[in-house]
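Novice: First, the structure itself, so that you have it in front of you.
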Amino acid sequence: MTENFQFTLHATDGEARRGTVSMPRGDIKTPAFMPVGTAGTVKAMYLDQVRDLGSDIILGNTYHLMLRPGAERVARLGGLHELIRWPYPILTDSGGFQVMSLAGLRKLDEQGVTFKSHIDGSTHHMSPERSIEIQGLLGSDIQMQLDECVRLPAEPKDIERAMEMSFRWAERCKVAFGNQPGKAMFGIVQGGDIPQLRVSSAQALSGLDLKGYAIGGLAVGEPQAVMLEMIETTCPHLPAEKPRYLMGVGTPDDILKSVARGIDMFDCVMPTRSGRHGLAFTRHGRINMRNARHAEDIQPLDDRSSCPAARDYSRAYLHHLVRANESLGGMLLTWNNLSYYQDLMSGARRAIEAGRYADFMAETQEGWRVGEFARA
C-alpha cells in the first residue's frame, strides 16, 4: 500500500501486462476483474466472500447510488466504504451509461444531462462537475469522468459529436476533481467503431495527463472482432505507464483476448447476473443449470475448484435450486462464477510473469471447447 496512487508494471508478454495499482486502501493486482456492486452490494454475495475469492477492488454505480440512498446520505453515514463494510479500493463509474440506457425523458446538451429517475420519475441533472461531486461524496478511490456512450451501430456524425463532447467533459471533470491525494480520476476513450476517432480521443485524453484511462463505448452491440480492433487501435496511443481499463467487458473469452491486447482492468455484471439466471462459468465452459440433463447428475461443477459452490454441491442439487427458483441457487452459482473469474485473472497474471500467456489462453480455450463438445 502507498499514500499515493501508483501503477507499477512488473512484466509483459507480447502486449499482455502484469502490474500493480497501489492506493492507500490497498493494492490491485493486474490484470484485474472488478466485481460490480451497483448499489453498494455485489448481488447474491457477502463482501467477505468477494474478498476471499481474490477481489482487490469492486465497482459502485454513481447513477444508482445518487438516486438511492443518495450521495449526501452516504457521505453523512461515513462514505461508501464504511456503509458497506468494504475497506478496500472502490471504483465508481460516472453514471453516464445508466443515464443513457435507463433514464426516461432525458435531455443532453453541453452542460450535462437532465433526466427522470427510473425509480420514481423525479428529475435530476448530471453535469461533469456534479458527477465528480457525487463520486467524492461516495468516497470512491477511482472516479470516472462523465461521458456520452453511444450504442452501436450509430451514425458517424453522432459518434464524433459524442466523442468530442466527452473530451470537453473530461477537461471539466479534471478541474472538478482537482488534487485528491491517493485517489485517481480516469478519462474515457470514446469513438465508437471508427478507428480514427478512437485514436483522436486517446491522444487528446493522454494530453490531460490523467492517472488512468478507460476504453468505453464497447460491448454495446458490436461484434467481438470490432471490439478487439478498437482495443488494438487505441492502446498504442495511451501512456504505457498508466493503467488501462476496458469498461463493461465481459465474457471470459473477451477478457482473455483483451488482456492479450494490453488491457489491465475489467468489470462486468455477467458473472453475477448469469449466476442469478442459472448459468455457471467453469473451466469446462458455460453450463446451463436449467437443462434437464443435470437433474440426476451427482458430480459437482468442478471437483478441482477451490470454491465450495463449485466443488461441494452436486449439479443435481444446483439444477433443483434453479428450477425451484430458490435464492440459494443464484447465490451458489454467483459464488462459483466470481470464483472462476478471479481464478482466470490469477492464472493470467502467473502466465504473463512466466512468459507463456499465449499458451495459457490456448489451454483455457481448449478446456472450454472440450467441455462444450462433451455436452453436445
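Novice: So what's the net charge close to Pro153: Lys and Arg +1, Asp and Glu -1, counting the other residues with Cβ under 15 Å from its Cβ?
Specialist: For residues surrounding Pro153, the net value is -4.
Novice: While we're here: Give me the angle, in degrees from 0 to 90, between the Cα long axis of helix 224-234 and the longest principal axis of the Cα atoms of the chain, rounded to the nearest 10.
Specialist: Relative to the chain, helix 224-234 is tipped by roughly 40 degrees.
Novice: Related question: Just to confirm the number: angle between the C-alpha axis of helix 195-206 and the first principal axis of the chain, 0 to 90 degrees, nearest 10?
Specialist: Approximately 70 degrees, to the nearest ten.
Novice: Hey, another quick one. When the helices in the chain are scored as -39500 (n - 2.57) per DSSP H run of 4 or longer and the sum is shared across all residues, what 222 nm value do you end up with, to the nearest 500 deg cm²/dmol?
Specialist: Counting only the DSSP helices, I get -13000 deg cm²/dmol.
Novice: Please give the helix 156-177 orientation as an angle from the longest Cα principal axis of the chain, in degrees from 0 to 90, rounded to the nearest 10.
Specialist: 80
Novice: Could you tell me how far the Cα centroid of the range 306-376 sits from the Cα centroid of the range 176-208, in Å?
Specialist: Cα centroid to Cα centroid, the span is 34 Å.
Novice: Identify the residues of the range 182-203 with backbone N under 19 Å of a label point that sits 7 angstrom from the Cα of Glu15 along the Cα-to-Cβ direction, or state none.
Specialist: Only 188-203 pass the distance filter.
Novice: Between Asp312 and Ala324, what is the spin-label point distance in nm, taking each point 7 Å from the Cα along the Cα→C-beta axis?
Specialist: According to this spin-label approximation, the distance is 1.9 nm.
Novice: Moving on. Please express the Cα-Cα pair-distance distribution P(r) of the chain as a list of whole percents, one per 20 Å bin, running from 0 to the bin with the greatest distance.
Specialist: 29, 59, 12, 0
Novice: Now for a different question. Output the peptides 122-129, 272-279 sorted from most to least packed, where packing is the average of other Cβ atoms within 10 Å over each peptide's residues.
Specialist: 272-279, 122-129
Novice: If you stretched the chain out fully between Gln224 and Ser122, how much longer would it get, using 0.36 nm times the residue separation minus the C-alpha to C-alpha distance?
Specialist: 33.0 nm
Novice: Over 16 Å, how big is the tail of the calculated P(r) for the range 249-376, in percent of all Cα pairs?
Specialist: 61
Novice: While we're on this one: Enumerate the calculated ³J(HN,Hα) couplings along the range 295-303 in order (Karplus 6.51 cos²θ - 1.76 cosθ + 1.60, θ = phi - 60°), each rounded to whole Hz, writing x wherever the residue is Gly or Pro.
Specialist: Karplus-based 3J(HN,Hα) across the range 295-303 equals 4, 10, 8, 8, 6, x, 4, 7, 6 Hz.
Novice: Hey, in the GNM for the chain with a 10 angstrom Cα cutoff, which one of Leu205, Leu146, Leu108 fluctuates hardest?
Specialist: Between Leu205, Leu146, Leu108, it is Leu108 that shows the largest mean-square fluctuation.
Novice: Net charge within 14 Å of Gly182 by Cβ-Cβ distance, Lys/Arg positive one each and Asp/Glu negative one each, not counting Gly182 itself?
Specialist: With Lys, Arg at +1 and Asp, Glu at -1, the net is 0.
Novice: Compute the signed sum of charges (Lys and Arg +1, Asp and Glu -1) over the other residues within less than 15 Å, Cβ to Cβ, of Lys116.
Specialist: Local charge sum for Lys116: +2.
FYI, it's all coordinate maths here, none of it is from the lab. All values reported here derive from a predicted model rather than from experimental measurement. Counting neighbours? That spans all protein chains shown, and the Cβs are built from the backbone with ideal geometry, glycine included.
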